[in-house]
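Student: Structure below; questions to follow.
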There are 2 protein chains.
Amino acid sequence: MEWKVAADRIRPVSQRWLDTAWQRLDDLTKPRRSLGLLEELAARYAAIREEASPRITGKAVFVFAGDHGVVDEGVSAYPPEVTALMVNTFLAGGAGINVLARCAGAEVHVVDIGMATPLPDAPGLIQRCVRRGTGNLRREPAMSREEAEQGIEVGVEMARTARERGVSVVATGDMGIGNTTPSSALFAALLPAAPREVTGRGTGLQDEALNHKVGVIEAALERASGESNDPVSALAALGGLEIAGICGLCLGGAAHRMAVMVDGFISSAGALIAMRINPAVADYLVFSHCSVEKGHRVFFEREGLRPVLDLDMRLGEGTGAAVAMQILEDGVRVYNEMSTFADAGITPGA
Amino acid sequence: MEWKVAADRIRPVSQRWLDTAWQRLDDLTKPRRSLGLLEELAARYAAIREEASPRITGKAVFVFAGDHGVVDEGVSAYPPEVTALMVNTFLAGGAGINVLARCAGAEVHVVDIGMATPLPDAPGLIQRCVRRGTGNLRREPAMSREEAEQGIEVGVEMARTARERGVSVVATGDMGIGNTTPSSALFAALLPAAPREVTGRGTGLQDEALNHKVGVIEAALERASGESNDPVSALAALGGLEIAGICGLCLGGAAHRMAVMVDGFISSAGALIAMRINPAVADYLVFSHCSVEKGHRVFFEREGLRPVLDLDMRLGEGTGAAVAMQILEDGVRVYNEMSTFADAGITPGA
């Protein structure tokens, strides 16, 4: 399958390209490293692209939509029908991700990778449904291993076709009522962590419902014990199809030398699976923001990662990734457009 | 003087306009408050503008440039000539602020408010020099009270003329070799705080030079003891002319119902003076980012403020403010462009 080829192909970015990029950045008219993360993002982007003057040639957000059998357990504040209603809002251009992608100058593509109810064809909608909603992960595997691999494959395909259109930065997004539950279950299995540490209120659960959600995840982990050694098995047992697609977008993006802007909590679960499949993928991932959802901070701490933004966001859809794309572009433009000390006639100090 | 009229005119933003803005934001197709700071910025902007559909009609960065007699004490890693060299780089369009203002779609204006050496007229340069460099604040007042007031007046004028051109968001910026020293001295005097708590490495001092800088600030505070009860007296005794201009831009921006995006450490010193002149100005200020410069975090903690970004930046010039302007614009566009739940046919949940 394409995804295995893609995953095997990913190598860490080269130190030589990083060094070249830092040399350029340190020549610019500013105290050394005084633009902080903007410079780090620019250096990494140059190394990802292996270009001395790296350009952002196109930006695309992929919003993977799926439904979750586990909503039967009462783990979400919204009914499952909202997945399809929100996807229609994406297609109409009126959701948060549409607005923020316009701000960032990015395309938005919506991928039905596992919605419970099919939608008619529409511009902007990519029909790649693997199955019509996952199983209830408390009581049964969310999906088969084959289905999980098909989901990853969809994400890899999205990365490849974006690359073919000239896109150089892809962003992950998700829509799926109930999807903080599989995400928390995956963090618990793969970090690993105690379910309570990585389980939060999602779109707005109260205390009692939160305790119930933790119990559902504990039961799921017990049912699936033994699956957590292999990331794809864990995805099949505990995950969701949008999470599989996001994992594939991370792998495919890295394999095609694109920067992958990872959105929030759900997207990070997909990214974590990709990192467990091939740790080198991390060099290509930019974690856009730290979500309010409890557990996201635990993920960053455990993996030693730093998100770009911390804006108390918790919407998903790719919204945080779209905002952070602007910061990445700022860094890349600094890299290309600033004068050097030699241009300005200044002897560099510190 | 105009600045006193402006300062007296500033009132806190109205709760009624804030409530109207939150009503709109809570109707949008997203879990309530799930866009975090983007929504808070949008609500505040609507209340600042007193508009039901607030628009950003123009953005302008003002970079105030001044020199500092205290550089004679060896408090900076760069020689004072760099102020003029960097201003020339601003005018040529090749500095960090030029690039980041282009990213944000903002004008850049450079104001000579107190450079040691005059520059010839040039497009983008506004000649408003109050005096050719300040006195050495360790041994004498940085400037007279009249000069401090003239500096504030320049900032108020910049805000007014920007408003007349249709600008609705102004950003503060600074250039002045040695200007972390007066900024730290002002934080020490006005927060108040121990000099060591709020004194950092500037553009790159080593340990010994940092200790020396703390000693210079301690001596200045002792010399000027008794001046810290009045913010304008403290500015005259310990400040700089670019800091005076920034203070004036904050006051004038608020008086003309503009949002004022405050850059980093030096700009926050100017903003603090404005807040001590009239605390209501704080409603109009957006603190763009937390600088690496030690003491900036102390300022935020003491004043109970939260910066939008934390990107390890420490360049000044208005660079952090330019980046955060994009976040403010994201929030304002979310406010105006997202669909409501009624549009989407969804019953709001949490």
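Student: Over the stretch A:84-144, what is the relative contact order in percent, taking alpha-carbon pairs closer than 8 angstrom and at least six residues apart?
Tutor: On the way: 63 pairs, mean separation 15.8, N = 61.
The value is 26 percent.
Student: Which percent of Cα pairs goes in each bin when the distances of the stretch A:80-127 are cut into 10 angstrom slices starting at zero?
Tutor: That works out to 26, 55, 18, 1, in percent per bin.
Student: Next up: Need one value: the accessible area of residue B:335 in square angstrom, 1.4 angstrom probe, rounded to the nearest 10.
Tutor: Its accessible surface works out to 10 Å², give or take rounding.
Student: Same structure again: Put the label 7 Å from Cα along Cα→Cβ for residue A:26; what are its distances to the other copies, in nanometres, shortest first?
Tutor: 5.4
Student: Counting partner chain Cβ atoms within 10 Å of every residue's Cβ in B:47-60, what's the average? Mind dumping the intermediate values first?
Tutor: Values: counts 0, 0, 0, 0, 0, 0, 0, 0, 0, 0, 0, 0, 0, 0.
For peptide B:47-60, the averaged partner shielding equals 0.
Student: Of all alpha-carbon pairs in the stretch B:115-250, indicate the percentage at a distance above 18 angstrom. Don't jump to the answer; show the numbers that get you there.
Tutor: Values: 5186 of 9180 pairs.
Here the tail beyond 18 Å accounts for 56 percent of pairs.
Student: Just give me a number: lysine pairs in the protein assembly as shown, eight or more positions apart or cross-chain, with C-alpha atoms less than 21 Å apart.
Tutor: On the way: A:30/B:294; A:213/A:294; A:294/B:30; B:213/B:294.
Close lysine pairs found across the protein assembly as shown: 4.
Student: Also, quick follow-up: Along the Cα→Cβ direction, 7 angstrom out, place labels at residue A:121 and residue A:2. What is the inter-label distance in nm?
Tutor: According to this spin-label approximation, the distance is 1.9 nm.
Student: Using each residue's phi in the stretch A:163-175, evaluate 6.51 cos²θ - 1.76 cosθ + 1.60 at θ = phi - 60° and report the 3J(HN,Hα) Karplus result to the nearest Hz, with x for Gly and Pro.
Tutor: Calculated HN-Hα couplings, in order: 4, 5, 8, x, 5, 10, 10, 10, 10, 8, x, 9, 9 Hz.
Student: Shifting gears a bit: List the distances, in nm and shortest first, from the label point of residue A:2 to the matching label points in every other copy, placing each point 7 Å from Cα along the Cα-to-Cβ direction.
Tutor: 6.1
Student: Turning to a different aspect of this structure: Output the 0 to 90 degree angle, nearest 10, between the alpha-carbon long axis of helix B:81-92 and the longest principal axis computed from the alpha carbons of chain B.
Tutor: Approximately 30 degrees, to the nearest 10.
Student: Provide the per residue accessible area, probe 1.4 Å, for the protein assembly as shown, rounded to a whole number of square angstrom.
Tutor: Details: 23020 Å² over 700 residues.
About 33 Å² of surface per residue is accessible.
Student: Only bridges whose two residues both fall in the protein assembly as shown count here: according to DSSP, what percent of them are antiparallel, nearest 5?
Tutor: Numbers: 2 of 50 bridges.
Around 5 percent of the beta bridges assigned by DSSP in the protein assembly as shown are antiparallel ones.
Student: What average number of partner chain Cβ atoms lie no more than 10 Å from the Cβ of the residues making up B:79-91? Spell out each step's value before the answer.
Tutor: On the way: counts 3, 0, 3, 6, 0, 0, 6, 4, 0, 3, 9, 1, 0.
Per residue, the number of nearby Cβ atoms from other chains is 3 on average.
Student: Another question about this same structure. Which angle between 0 and 90 degrees, to the nearest 10, do you get for helix B:36-49 versus the longest principal axis of chain B when only C-alpha atoms count?
Tutor: With both axes taken from Cα atoms, the answer is about 80 degrees.
Student: So if I take the centroid of the Cα atoms in the stretch B:1-52 and the same for the stretch A:175-208, what is the distance between those two points in Å?
Tutor: 33
Student: A further question follows. How do A:16, A:160 stack up against each other in accessible area, from largest to smallest, with a 1.4 angstrom probe? List each step's numbers first, then the result.
Tutor: Values: A:16 160, A:160 70 Å².
Sorted by accessible area, descending: A:16, A:160.
Student: Of A:33, A:145, A:196, which has the largest mean-square fluctuation in a 10 Å C-alpha GNM of chain A?
Tutor: Highest fluctuation of the listed residues: A:33.
Student: Under the definition of partner shielding as Cβ atoms of other protein chains within 10 Å of a residue Cβ, what is the mean value for peptide B:325-336? Display every interim value, and only then the final one.
Tutor: Numbers: counts 0, 7, 6, 0, 2, 11, 5, 1, 4, 6, 1, 1.
Per residue, the number of nearby Cβ atoms from other chains is 4 on average.
Student: List the residues whose amide H sits under 5 Å from the amide H of residue B:204, counting only those 5 or more places along or on another chain, with H placed 1.01 Å from N in the peptide plane.
Tutor: Those qualifying (amide H under 5 Å, at least 5 residues apart or on another chain) are B:77.
Student: How far is it, in nm, from the label point at residue B:26 to the one at residue A:57 when both lie 7 Å from their Cα along the line to the Cβ?
Tutor: 4.8
Student: Specify whether the C-alpha gyration tensor of the stretch B:239-334 places it in the rounded, prolate or oblate class, a ≥ b ≥ c being the square roots of the eigenvalues: rounded for a/c under 1.5, otherwise prolate if a/b is larger than b/c and oblate if not. Each step should come with its number before you reach the end.
Tutor: On the way: a/c = 1.45, a/b = 1.05, b/c = 1.38.
Cα axes put the stretch B:239-334 in the rounded bin.
Student: With a ≥ b ≥ c taken as the square roots of the eigenvalues of the C-alpha gyration tensor of the protein assembly as shown, please select rounded if a/c is under 1.5 and otherwise prolate if a/b is larger than b/c or oblate if it is not? Show your work: numbers first, answer last.
Tutor: Working: a/c = 2.18, a/b = 1.81, b/c = 1.20.
Since a/c reaches 1.5 and a/b is larger than b/c, the shape of the protein assembly as shown is classed as prolate.
Student: Given label points at 7 Å from Cα along Cα→Cβ, what nm distances, shortest first, separate residue A:300 from the same residue in every other copy?
Tutor: Once sorted, the set of distances for residue A:300 reads 1.2 nm.
Student: For residue A:126, which sequence-distant residues (separation of 5 or more, or a different chain) have an amide H within less than 5 Å of its own amide H, given hydrogens modelled in the peptide plane?
Tutor: A:110, A:111, A:112
Student: Using the Karplus curve 6.51 cos²θ - 1.76 cosθ + 1.60 with θ = phi - 60°, what ³J(HN,Hα) values do you get for each residue of the stretch B:197-203, in whole Hz, with x for Gly and Pro?
Tutor: Values, residue by residue: 5, 10, 10, x, 8, x, 7 Hz.
Student: Whole Å is fine, so just give me how far the alpha carbon centre of the stretch A:228-299 lies from that of the stretch B:153-172.
Tutor: Cα centroid of the stretch A:228-299 versus Cα centroid of the stretch B:153-172: 45 Å apart.
Student: Next up: Given the rotation that superposes chain B on chain A, what residue of B brings its beta carbon nearest the axis, and what is the distance in Å?
Tutor: B:326, 3
Student: Still on this structure: Tell me, what ³J(HN,Hα) does each residue in the stretch B:148-157 have, in order and in whole Hz, if you take phi through Karplus 6.51 cos²θ - 1.76 cosθ + 1.60 with θ = phi - 60° and put x for Gly and Pro?
Tutor: 4, 5, 4, x, 4, 4, 4, x, 5, 4
Student: Note down the relative contact order for chain A as a percent, whole number, built from C-alpha pairs under 8 angstrom at least six residues apart. Could you put the intermediate results ahead of the total?
Tutor: Details: 764 pairs, mean separation 90.3, N = 350.
Averaging sequence separation for qualifying contacts and normalising by length gives 26 percent for chain A.
Student: What is the helix-to-structure angle for B:319-337, meaning the angle in degrees between its Cα long axis and the longest Cα principal axis of chain B, kept from 0 to 90 and rounded to the nearest 10?
Tutor: It is inclined by approximately 10 degrees.
Student: What net charge do the residues around residue B:255 carry, taking every other residue with its C-beta under 10 Å from that of residue B:255, with Lys and Arg at +1 and Asp and Glu at -1? Don't skip to the answer; put the middle values down first.
Tutor: Working: positive: B:9, B:11, B:160, B:163, B:257; negative: B:2, B:8.
Result for the neighbourhood of residue B:255: +3.
Student: To the nearest 10 square angstrom, how much accessible area does residue A:17 have with a 1.4 angstrom probe?
Tutor: 50
Student: Counting only residues 5 or more places away or on other chains, whose amide H sits under 5 Å from the amide H of residue A:171 once H atoms are built in the peptide plane?
Tutor: A:60, A:61, A:62, A:261
Student: Taking the Cβ of residue A:294 as the centre, find all other residues whose Cβ is under 12 Å away and add up their charges (Lys, Arg: +1; Asp, Glu: -1). Working shown, then result.
Tutor: On the way: positive: A:196, A:201, A:213, A:297, A:314; negative: A:197, A:293.
Net of charged neighbours comes to +3.
Student: Shape verdict for the stretch A:59-325, please, from the Cα gyration tensor: rounded (a/c under 1.5), prolate (a/b greater than b/c) or oblate.
Tutor: Working: a/c = 1.35, a/b = 1.25, b/c = 1.09.
In terms of gyration-tensor shape, rounded.
The values are calculated or read from the model by the stated rules, or taken from the named source; none is laboratory data. Predicted, not measured: the structure shown is a model, and the values here were computed from it. Cβ coordinates were reconstructed from backbone atoms using ideal geometry, including for glycine residues, and neighbour counts include every protein chain displayed. Side chains included, ligands, DNA and RNA excluded: accessible areas come from the protein's heavy atoms. Shrake-Rupley method; radii C 1.70, N 1.55, O 1.52, S 1.80 Å.
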